[in-house]
Every structure is written in C-alpha cells, then in structure tokens.
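Down below is the structure, laid out as structure tokens.
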Amino acid sequence: MKGGALSALEKLFGLTGKTALVTGASRGIGRSIALGYADAGADVAVLARSTTALEELATEIEKRGRRAVVLTCDVADHEQVHQAVATTLTAFGQIDILVNNAGGFDYAGPFLDLKPDDWAKVLRLNFESVVHLCAELGQHLIRRGSGSVINISSIAGVAGVPMLSTYASSKAALLSLTRTLAAEWAAAGVRVNALTPGWISTELTRTFAGNPQASEGLLSAVPAGRWGQPDDVVGAAIFLASDASRLVTGSSLTVDGGATAYVGGPTMLQLLGLGRVAS
Ligand code: NAP
C-alpha cells in the first residue's frame, strides 16, 4: 500500500494513516497481528517484557516502511502501562487501534487445587491489565471520536474448559467488558470488539501441541482438524481494526476452525466409517 492512490478496497480494509498499540507482541499471536497491521499500512507500538524480541519485531515493521515503537512493559504494572501509553502518544501523536493481547496462564489443574493467588495472578494479567489499558486510553479515543479496541479473549471464555478455570473465567470477563464498553463508547465513535481464537500453536500451547496424544485429543474436537497458526488470526484482527467493520461493535469474532460450533465427540462420518465426504 505504498505510494499512489488507495483503491476503494484498500481504504475499506487497509490501515494506512492509522496507529496501533499491540500488547503481548514479542511472539505468538500478538507478533503476527503487529506485522499484519504494518503490512496493512499502520504504524505500530509493540509492547511486552522481552526487549530484544520487540526490537527485532520493530526492525521488521520498519522494513515494511512503517514506524515502530518498542515498549518494554509488564501489563500487570499500572505505572509501567501509564508510561508506555505516554511514550506511544509522544511518538505517534495518536492511537487509533488498541489490541489487548498479552495474556496466558502458568498453571492448568483442577479447580479444587487452586490457591487464591492463582486466581489473582491470572485475573491481573488477563483481565485487570485490559481494564487498566482501556482506562488509560479511553479518554484519548473518546476525545478523538474514533478508535477500535480489540480484546483477545478465547474460546475458553465461551465454553467450559476443565483444568483451566482461572484462565477461562478471565477470558469470559473480557467478553463482558467488551460488550459493556462497546455500549458505553459507541455514541462517541469508539468501537470495542473481541476475538476468540481456538487452539493456536504458540509458546502458550507448546505443551499440548508438542504431545501427540494431547494434540490428537484436542484436534478431535476441531472440525477443521488442525492447529491454528498465529497468522490465521491476522485477517480477523485487521478486519476489526479497519473501516470495513465500522458498524461492528460489542461483537466477538471466533477464529477456531469450527471448534465452538461443533457439539464434540466422533463425527457421524467417523461413526459410519465413511471418512471424508469429498477429497
Ligand atoms: P504467547 O506466545 O505465550 O505470547 C504471549 C505474549 O504476551 C508474549 O508476547 C508475552 O511477552 C506477552 N506477555 C505475557 N505476560 C505479559 C506481561 N505481564 N506483560 C506484558 N506482556 C506479557 O501466547 P499466545 O498464544 O500468542 O497468546 C496471545 C493471546 O491470545 C493471549 O491473551 C492468549 O490468552 C490468547 N489466546 C491464545 C490461544 C492459543 O491457543 N494460543 C487461544 C485463545 C486465546 P513477554 O513474555 O515478552 O512479556
């Protein structure tokens, strides 16, 4: 999208002239979204705790002819988040797109084994950090009368996931926050949506993806029959950031290979030994 007039399609789906802040951008889904946004024409501020990985990413963004800002920041630390937002506004002058992607869990296990601190840690990382970032940036977006906030939830926020109660609850809370902020900020021109990815192969899911038995078990509930890759999420993230979704707010867009649409268990085709319908 460099040089020349933009086509109608580029104006609709492109991000030329926009600036984005992507949290959790040092690897995985966040990194792919940051690069996708740069490809679509946006300048991108990339936030995470790993400076070296962010600097490498910034170089990639700059190679695409876009500006990049590196923000070494722990999203669970309010003062660091405040500084990161201020640095981005100084560098870019404005923020049009906020992608709240940083998140994860470091323990999967039965609900009854959880300690209060396990809950506090996951809620702080996956939910409170988003509350805080929205509070930091909300006024700026409302004052400008435009903007798109995209919260990276999960199918775990939609369906029950045994052994992941902290994570699933935090992702469900994100969906609720998304709907409420969307309703509160729509009149001001600010849109708030969520993405609910399914099983995506990243550092977060390495233990499951790397274990053939676990992987096969998980994929048996995914009609598409494969792990998603971080790049599979990029198109949906660009759509929600672009003018193509200008009347879309308070929604959640699912990128899960059909997992949440499917009742689970063996398919009728498998039960009848028919294999695929068509090759
Ligand atoms: P990942 O590869 O582990 O990446 C997580 C990112 O978040 C990294 O860039 C990490 O960077 C950053 N991060 C973690 N804690 C942070 C903190 N305290 N402060 C700032 N940054 C922090 O995971 P992913 O799979 O790409 O997940 C990205 C998002 O998608 C998460 O919210 C996750 O819940 C969601 N999601 C993932 C899947 C999946 O199957 N992978 C499915 C649904 C939803 P540093 O370590 O450098 O800080």
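The fraction of all Cα pairs in the stretch 49-100 landing in successive 10 Å bins from 0 to the largest distance is 23, 54, 22, 1, given as whole percents. Between Glu203 and His140, the modelled label-to-label distance comes to 2.5 nm, taking each label 7 Å out from Cα in the direction of the beta carbon. Shown for the chain are the DSSP H helices of 27 Å or more along their axis, judged by Cα atoms, with a mean Kyte-Doolittle hydropathy of at least -0.5: 165-185.
For the chain, give the magnitude of the charge dipole about the Cα centre (Cβ charges: +1 Lys/Arg, -1 Asp/Glu; no others), in debye to the nearest 20. Before the final figure, lay out each step's value.
On the way: 22 positive and 24 negative charges, 128 e Å.
Magnitude of the dipole: close to 620 debye.
Computed extension gain for Phe111 through Glu216, at 0.36 nm per residue and net of the alpha carbon distance, reaches 35.4 nm. The longest stretch of the chain left intact once loop-based trypsin sites (Lys or Arg not before Pro) with at most 14 other Cβ atoms within 10 Å are removed from consideration, loops following DSSP, is 3-225.
Run the helix sum for the chain: -39,500 (n - 2.57) per DSSP H stretch of 4+ residues, divided by residue count, reported at 222 nm to the nearest 500 deg cm²/dmol.
On the way: 11 runs with 115 residues, N = 279.
Result for the chain: -12500 deg cm²/dmol, rounded to the nearest 500.
Compute the length gained on full extension between Asp243 and Glu184: take 0.36 nm times their separation in residues and subtract their Cα-Cα distance, giving the result in nm to one decimal. Before the final figure, lay out the partial values.
Working: separation 59, 0.36 × 59 = 21.24 nm, distance 1.99 nm.
Contour length minus Cα-Cα distance gives 19.3 nm.
Averaging Cα coordinates gives a centre for the stretch 64-90 and one for the stretch 186-250; these two points are 24 Å apart. Let a ≥ b ≥ c be the square roots of the eigenvalues of the Cα gyration tensor of the stretch 206-248; is it rounded (a/c under 1.5), or, if not, prolate (a/b larger than b/c) or oblate? Because a/c hits 1.5 or more and a/b exceeds b/c, the stretch 206-248 counts as prolate. Determine which residues of the stretch 14-55 fall in the zone a paramagnetic label at Gln80 would reach in this model, i.e. backbone nitrogen under 12 Å from the point 7 Å along Cα→Cβ. Counting only backbone N, you get 24, 47-51.
For the chain, taking the reciprocal of the average inverse distance between every pair of different Cα atoms yields a Kirkwood hydrodynamic radius of 19.5 Å.
The alpha carbon gyration tensor of the stretch 1-95 gives principal lengths a ≥ b ≥ c with a/c of 1.5 or higher and a/b greater than b/c, which makes the shape prolate.
Report the number of Lys pairs in the chain whose alpha-carbons are under 24 Å apart, with separation of 8 or more residues or on distinct chains.
Values: Lys2/Lys11; Lys2/Lys18; Lys2/Lys63; Lys11/Lys63; Lys18/Lys63; Lys115/Lys171; Lys121/Lys171.
Lysine pairs meeting the criterion: 7.
Readers should treat all values here as calculations from the given coordinates under stated rules, not as data from a laboratory. Note that the structure is a prediction, hence the values are computed from the model and not measured. Cβ atoms come from the backbone with ideal geometry, glycine included; neighbour counts cover every protein chain shown.
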